[in-house]
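Peer 1: Before I ask anything, let me first share the structure, which is written out below as structure tokens.
Derivation of every value follows stated rules applied to the coordinates shown; laboratory data play no part. Just so you know, these numbers come straight off a predicted model, no measurement behind them. Because the Cβ atoms are built from the backbone with ideal geometry, glycine has one as well, and the counts that use them run over all protein chains shown.
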Amino acid sequence: MRAAVPDGTEITIPYPCDFHHHFRQSTLVDATVKIASERFQAALAMPNTSPPITTVELCQEYYQKLTSAAQAAPAGAPNMEFLSVLYLTDMTTVATVEEMVKHPNIRGFKYYPAGATTNSAFGVTDVNKLYPVFSKMQELGLVLCIHSEVSRIEIDIFDREKVFIEEVIRPLVKAFPTLKIVMEHISTSFGVDFINEIPGDYLKGSITPHHLVYNRNALLVGGVKPHFYCLPILKRESHRVALLEAATSQSGKFISGTDSAPHDQARKESCCGCAGVFNGHNAVELYVEIFESVGKLDALANFFQAGKDFYNIGGDRVMKLRKESWKVPETFDFPDEENPDRAGKLVPLRAGEDMLWKIV
Ligand SMILES: NC(=O)N[C@@H](CC(=O)O)C(=O)O
């Protein structure tokens, strides 16, 4: 254990961005945007809404909705920037790539293997058919964000990232060496090793706070804890340690992406609970806390800046944080998306527990 810095210590970091955020749709948007705007200069909005954002038109409608919500938010950053990605399907065409590049907020595609996670039923079933799309993306400098897990039922849930790397990503990177790719929310040492192995600046890995702080014991020891269930699923301790070494390595290959994924409490605490951790309210503070725990506060700047450089987010805004504890609420009251007349609740990550760092 490293010596912790004393209470009251202040640090300054590049204003964080979140390169993987689920704002959801309908009644949740105002609340998720308000919370995110208190912490992030820019956020990449995930397109696995219901219905999914598969066209430029749907994307721009959603972008307007997010932007209006940020402007209406009483606190935080009214200038918060939203980056958009379209949901890649088997039907996506080269013409769509040519159209989307005309809109500066649209940065690329999100590739969900069909069946891999929440609202991924319209995702990709045959990656080879999309090679012409990737070729055009490479030519135009768009980003391919990938949920890097196979979804075949015979593959163990803890092995899905490892298998996907060999079956899909390695051939993809070989075929398109200058296509900008983000392996999102990597969860294993296999993801870390693969990203480190590929030279150049075209392949990045985003890492969530929960994969840095928790291993699968948080989910499974002492009873099943559904609020720690997410995809990719939390892995064993050696993988968490590898992720933390990667995030703090200052290599510029690993970037911030919270995967804040709110689901109503009733749907999480269920006999078939859905995947997703809600951390939009404390993600930055968690990154700081875990970097501090290994004596690597100095590496925060590289971690946050690497993603901003990759996605060309300019500006020299900074964020100050102080070592000062505060308590995370037990729940947040949110309208229920599926039944707006019902008062929904979200259970945040670290519900009822203390955080060690506070945004000044
Ligand atoms: N991470 C999750 O467990 N869930 C995400 C989808 C995703 O990013 O995989 C969601 O939309 O709920």
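Peer 1: Once you sort the root eigenvalues of the Cα gyration tensor of segment 147-301 as a ≥ b ≥ c, which label holds: rounded (a/c under 1.5), prolate (a/b larger than b/c) or oblate (the other case)?
Peer 2: Oblate, because a/c is 1.5 or more while a/b does not exceed b/c.
Peer 1: A follow-up question, please. Post the alpha-carbon centroid distance, segment 321-337 to segment 208-235, in whole angstrom.
Peer 2: 19 Å
Peer 1: Something else: List every DSSP H helix in the chain whose Cα atoms extend 30 Å or more along the helix's own long axis and whose mean Kyte-Doolittle hydropathy is at least 1.0.
Peer 2: none
Peer 1: Roughly how big is the chain's charge dipole about its Cα centre, with Cβ charges of +1 (Lys, Arg) and -1 (Asp, Glu), in debye to the nearest 20?
Peer 2: Charge dipole, the chain, about its Cα centre: 320 debye, nearest 20.
Peer 1: Name all residues of segment 254-295 having a backbone nitrogen under 13 Å from the label point set 7 Å from the Cα of Lys345 along its Cα→Cβ direction, giving them as ranges.
Peer 2: Residues 264-269 qualify, since their backbone N sits under 13 Å from the label point.
Peer 1: Continuing with the same structure: Picking from Leu297, Leu140, Leu28, which is most flexible by a Gaussian network model of the chain using Cα springs under 10 Å?
Peer 2: Leu140
Peer 1: Using alpha-carbon pairs under 8 Å, 6+ residues apart, how would you state the relative contact order of segment 14-315 in percent?
Peer 2: Taking the mean separation of contacting Cα pairs over the length of segment 14-315, I get 17 percent.
Peer 1: Using only Cα atoms, locate the centre of segment 91-136 and the centre of segment 32-89, then give the distance between them in Å, rounded to an integer.
Peer 2: About 18 Å separates the Cα centre of segment 91-136 from the one of segment 32-89.
Peer 1: Continuing with the same structure: Note the full-extension length gain between Asp309 and Thr125 as 0.36 nm times their separation in residues minus their Cα-Cα distance, in nm to one decimal.
Peer 2: Result: 63.1 nm gained on full extension.
Peer 1: Give me Tyr131, Tyr87 ranked fewest to most by other Cβ atoms within 10 Å of their Cβ, as a rough exposure proxy.
Peer 2: Tyr131, Tyr87
Peer 1: Between Ala114 and Ser238, 0.36 nm times their residue separation minus their Cα-Cα distance comes to what?
Peer 2: 41.8 nm
Peer 1: Given R₀ = 56 Å, what would the calculated FRET efficiency be for Met91 paired with Thr9, taking r from the Cβ atoms and rounding to 0.05?
Peer 2: Computed FRET efficiency for Met91 and Thr9 comes out at 0.60.
Peer 1: Here are some pairs, Lys180/Lys225; Lys65/Lys180; Lys65/Lys204; Lys180/Lys345; Lys65/Lys110; which of them have Cα atoms lying more than 31 Å apart in this structure?
Peer 2: In this structure, Lys180/Lys225; Lys180/Lys345 exceed 31 Å between Cα atoms.
Peer 1: For the chain, what is the mean residue ellipticity at 222 nm derived from helices alone (per DSSP H run of n ≥ 4: -39500 (n - 2.57); sum divided by total residues; nearest 500 deg cm²/dmol)?
Peer 2: Computed ellipticity for the chain at 222 nm equals -8500 deg cm²/dmol.
Peer 1: Report the full-extension gain for the segment Ser270 to Ser50: residue separation times 0.36 nm, less the Cα-Cα distance, to one decimal in nm.
Peer 2: Going from the current span to full extension adds 77.1 nm.
Peer 1: List the lysines whose alpha-carbon lies under 18 Å from that of Lys358, not counting same-chain residues fewer than 8 positions away?
Peer 2: Lys34, Lys296, Lys320, Lys323, Lys327
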